[in-house]
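**Q** Questions regarding the structure given below will be posed in turn.
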Amino acid sequence: MSQEMDLTKRFDTYIASEQKIEAKDWMPDAYRKTLIRQISQHAHSEIIGMLPEGNWITRAPSLKRKAILLAKVQDEAGHGLYLYSAAETLGVNREELLDALHEGKAKYSSIFNYPTLSWADMGAIGWLVDGAAIMNQVPLCKCSYGPYARAMVRVCKEESFHQRQGFSIMMNLCNGTPEQKEMAQDSLNRWWWPSLMMFGPSDSESKHSDQSMKWKIKRFSNDELRQRFVDMTVPQAELLGLTLPDPDLKWNEHTGHYDFGSIDWSELQRVIAGDGPCNRERLETRVKAHTEGEWVREAAAAYAEKCAKRNSDQPHAA
Ligand code: BYC
């Protein structure tokens with residue numbers, strides 16, 4: 001009993017003094033569970049997040065754009081892998097996490113359940129979705145759990161390149177023909193509100209925020225990050241010459257922030273519950289890719305076994 005109190009005290013001291021909790025340190029069960037939930041949802045989001053953009057790799061308008069998009073989608077696969085590895089340090093295994101995703105039991109970001117209808121959507125995703133991701137993920141580099149915080153450092157560097165490539169696509173379209181500019185505007189109209197929803201429910205409805213902030217997993221609330229994203233994005237839209245699809249958006253002298261219209265929370269709930277425009281399609285594509293990739297996993301495991309055997313057969317130096 002007193003040993004448990006010592007452990008709790010040590011954990012609390014570490015959190016209070018900004019020291020990282022590492023995989024082998026004692027941690028409360030609920031802290032472990034929260035991290036497994038958040039990190040695995042984050043990993044699933046990266047992997048499912050490859051699908052809407054993957055649809056456009058063969059249709060990119062030039063070789064250069066194709067190479068950039070391909071690199072971005074590969075980065076996302078890499079992010080998924082760092083994050084699954086970070087989750088595994090908490091005592092779960094990757095197969096069980098993937099089973100939960102494939103059976104529709106695990107969540108992933110709502111944003112990836114919307115369709116990508118035009119090339120401009122590659123611009124809007126990079127600009128807005130990766131922009132929102134950076135806003136949410138930079139504070140996670142300071143998360144109290146060491147393996148997650150360290151994984152996020154590299155993820156954020158790559159996200160920043162992703163955001164810039166998206167903005168560059170939008171800039172090209174906005175400086176192009178009237179039809180191209182219209183394509184960019186249409187894309188912004190469709191992605192704006194879902195991007196705001198990425199930050200999660202409002203603070204009054206967010207069931208995990210309080211505890212996650214006490215544990216320093218989250219550093220800012222959902223609404224704080226959403227507001228920062230709006231404040232950052234409005235001038236960028238002005239630079240592009242595009243109009244944000246919100247008649248209530250206006251600068252507020254008092255608060256020093258932009259006021260914006262109300263979010264349709266029922267839409268977020270519907271998408272999270274599995275009934276968004278592309279939920280079924282995304283999951284089917286993901287399950288198919290996993291099934292068809294079975295031989296790759298088997299070959300990799302057989303090769304690893306062969307290497308391990310070769311190493312163990314070799315006489316060791318004294
Ligand atoms: N979509 O109490 P709350 C990327 C769930 S990857 C779906 O506020 P929390 C990218 C939430 O999980 C983007 N579900 O929760 C990739 C919870 O459900 P459970 C992903 C959502 O955890 C490729 C419930 O609603 N980023 O950017 O304190 C290409 C109540 O919410 C959503 C991350 O995963 C949503 N939008 O805060 C391009 C970052 N929002 O678990 C880009 C890490 C909420 O109780 N995650 N829910 O069943 C986080 O920062 C936090 O988990 C969240 C939610 C801010 C997302």
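The values are calculated or read from the model by the stated rules, or taken from the named source; none is laboratory data. As the structure is a prediction and not an experimental result, all values here were calculated from the model. Quick reminder, even Gly has a Cβ in these numbers, built from the backbone with ideal geometry, and neighbours come from all protein chains shown.
**Q** Is there a residue being more than 16 Å from the ligand (Cβ to nearest atom) and in contact (Cβ under 8 Å) with a residue 12 or more places away in the chain anywhere in segment 77-92?
**A** Yes; the residues of segment 77-92 include at least one that is more than 16 Å from the ligand (Cβ to nearest atom) and in contact (Cβ under 8 Å) with a residue 12 or more places away in the chain.
**Q** Same structure again: Any idea which of Ala23, Ala43, Ala30 is touching a helix residue (DSSP H, G or I) at 6+ places or on another chain (Cβ under 8 Å), within 14 Å of Ala86 (Cα to Cα), assigned to a helix (DSSP H, G or I) and not polar (S, T, N, Q)? If you could, list the steps in order and put the result at the bottom.
**A** Details: Ala23 fails: assigned to a helix (DSSP H, G or I); Ala30 fails: within 14 Å of Ala86 (Cα to Cα).
One residue alone meets the criteria, Ala43.
**Q** With the checklist (1) at pLDDT below 95; (2) touching a Lys or Arg at 6+ places or on another chain (Cβ under 7 Å) in hand, flag the one item Arg154 doesn't pass.
**A** (2)
**Q** For Ser187, are the conditions met, namely being away from the ligand (no atom under 12 Å from the Cβ), crowded, with 18+ Cβ neighbours inside 10 Å and hydroxyl-bearing (Ser, Thr, Tyr)? Can you show your working first?
**A** Numbers: away from the ligand (no atom under 12 Å from the Cβ): yes; crowded, with 18+ Cβ neighbours inside 10 Å: yes; hydroxyl-bearing (Ser, Thr, Tyr): yes.
Criteria met by Ser187.
**Q** Output the number of residues of segment 162-179 satisfying the condition of being surrounded by fewer than 17 Cβ atoms within 10 Å (Cβ to Cβ) and either at pLDDT below 95 or touching a helix residue (DSSP H, G or I) at 6+ places or on another chain (Cβ under 7 Å) (or both).
**A** Adding up the residues that qualify gives 0.
**Q** Hey, any hits in segment 256-267 for a residue that's part of a helix (DSSP H, G or I), surrounded by fewer than 10 Cβ atoms within 10 Å (Cβ to Cβ) and within 16 Å of the ligand (Cβ to nearest atom)?
**A** Here is the first cut: in segment 256-267, the ones part of a helix (DSSP H, G or I) are 265-267.
Restricting the remaining residues to those that are surrounded by fewer than 10 Cβ atoms within 10 Å (Cβ to Cβ) gives 266.
After this cut, where a residue has to be within 16 Å of the ligand (Cβ to nearest atom) as well, the list is 266.
Yes: segment 256-267 contains one or more residues that are part of a helix (DSSP H, G or I), surrounded by fewer than 10 Cβ atoms within 10 Å (Cβ to Cβ) and within 16 Å of the ligand (Cβ to nearest atom).
**Q** Do you know which residues across segment 99-119 are touching a Pro at 6+ places or on another chain (Cβ under 8 Å) and crowded, with 19+ Cβ neighbours inside 10 Å? Let's see the steps before the verdict.
**A** Going residue by residue through segment 99-119, those that are touching a Pro at 6+ places or on another chain (Cβ under 8 Å) are 110-116, 119.
Correct list: Ser110, Ile111, Phe112, Asn113, Tyr114, Thr116, Trp119.
**Q** Give me the pairs, please: first residue somewhere in segment 19-43 and farther than 23 Å from Leu98 by Cβ, second residue anywhere and at pLDDT 95 or above and not hydrophobic (A, V, I, L, M, F, W, C), beta-carbon distance under 6 Å, and either six or more positions apart or on two chains.
**A** As it stands, the answer is Lys20/Gly146; Ile21/Tyr14; Ile21/Ser144; Ile21/Tyr145; Glu22/Gly146, since those pairs meet every condition given.
**Q** Do any residues in segment 259-274 that are within 14 Å of Pro194 (Cβ to Cβ) have Cβ atoms under 7 Å from those of residues that are surrounded by 12 or more Cβ atoms within 10 Å (Cβ to Cβ) and of a type in the set (Gly, Ala, Ser), where the two are at least six apart or on different chains, and which pairs are they?
**A** Close Cβ pairs (under 7 Å, with a partner that is surrounded by 12 or more Cβ atoms within 10 Å (Cβ to Cβ) and of a type in the set (Gly, Ala, Ser)) amount to Leu268/Ser110; Arg270/Gly276; Val271/Ser110; Ile272/Ser110.
**Q** Further question: Would you confirm whether or not segment 58-71 contains a residue that is within 13 Å of the ligand (Cβ to nearest atom), over 18 Å from Val153 (Cβ atoms), touching a residue at least 12 places away in the same chain (Cβ under 8 Å) and out of contact with any Ser or Thr (no Cβ under 7 Å at 6 or more places or on another chain)?
**A** Checked against the condition, which is being within 13 Å of the ligand (Cβ to nearest atom), over 18 Å from Val153 (Cβ atoms), touching a residue at least 12 places away in the same chain (Cβ under 8 Å) and out of contact with any Ser or Thr (no Cβ under 7 Å at 6 or more places or on another chain), segment 58-71 yields at least one hit.
**Q** Could I ask something else about it? Only one of these is over 18 Å from the mean Cα position of the chain (by Cα) and within 12 Å of the ligand (Cβ to nearest atom): Asp275, Asp248, Asp203, Asp223. Name it.
**A** Numbers: Asp275 fails: within 12 Å of the ligand (Cβ to nearest atom); Asp248 fails: within 12 Å of the ligand (Cβ to nearest atom); Asp223 fails: over 18 Å from the mean Cα position of the chain (by Cα).
Criteria check complete, one pass: Asp203.
Residues checked against (1) small (Gly, Ala, Ser); (2) in contact with a Cys (Cβ under 9 Å, 6 or more places away or on another chain):
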residue: Val73; (1), (2): no, no
residue: Gly80; (1), (2): yes, no
residue: Val92; (1), (2): no, no
residue: Leu101; (1), (2): no, no
residue: Pro115; (1), (2): no, yes
residue: Asp121; (1), (2): no, no
residue: Ala132; (1), (2): yes, no
residue: Gly146; (1), (2): yes, no
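**Q** Could you list, in sequence order, all residues of segment 1-39 that are within 16 Å of the ligand (Cβ to nearest atom) and surrounded by 14 or more Cβ atoms within 10 Å (Cβ to Cβ)?
**A** Tyr31, Arg32, Thr34, Leu35, Ile36, Arg37, Gln38, Ile39
**Q** Examine segment 147-156 for a residue that is over 22 Å from Tyr31 (Cβ atoms) and within 13 Å of the ligand (Cβ to nearest atom), and state whether such a residue exists. Can you show your working first?
**A** Quick first cut of segment 147-156, residues over 22 Å from Tyr31 (Cβ atoms) only: 154, 156.
Pick out the ones that are also within 13 Å of the ligand (Cβ to nearest atom) and you get 156.
Scanning segment 147-156, I find at least one residue that is over 22 Å from Tyr31 (Cβ atoms) and within 13 Å of the ligand (Cβ to nearest atom), so the answer is yes.
**Q** Could you pull out every one of the helices (runs of 4 or more DSSP H) wholly within segment 65-167 that has 1 or more residues that are out of contact with any Gly (no Cβ under 7 Å at 6 or more places or on another chain), under 19 Å from Trp191 (Cα atoms) and among the aromatic types (Phe, Trp, Tyr)?
**A** Working: elements: 94-102, 120-124, 130-137.
It comes to none.
**Q** Here is a follow-up. Checking the conditions here, which among Met122, Met152, Met213 is crowded, with 22+ Cβ neighbours inside 10 Å and free of Cβ contacts under 8 Å to residues at least 24 places away in the same chain?
**A** Working: Met122 fails: free of Cβ contacts under 8 Å to residues at least 24 places away in the same chain; Met213 fails: crowded, with 22+ Cβ neighbours inside 10 Å.
None of the others qualify; the one that does is Met152.
**Q** Which of the following residues is under 21 Å from Tyr108 (Cα atoms), small (Gly, Ala, Ser) and within 14 Å of the ligand (Cβ to nearest atom): Ser212, Ser144?
**A** Testing whether each residue is under 21 Å from Tyr108 (Cα atoms), small (Gly, Ala, Ser) and within 14 Å of the ligand (Cβ to nearest atom) leaves just Ser212.
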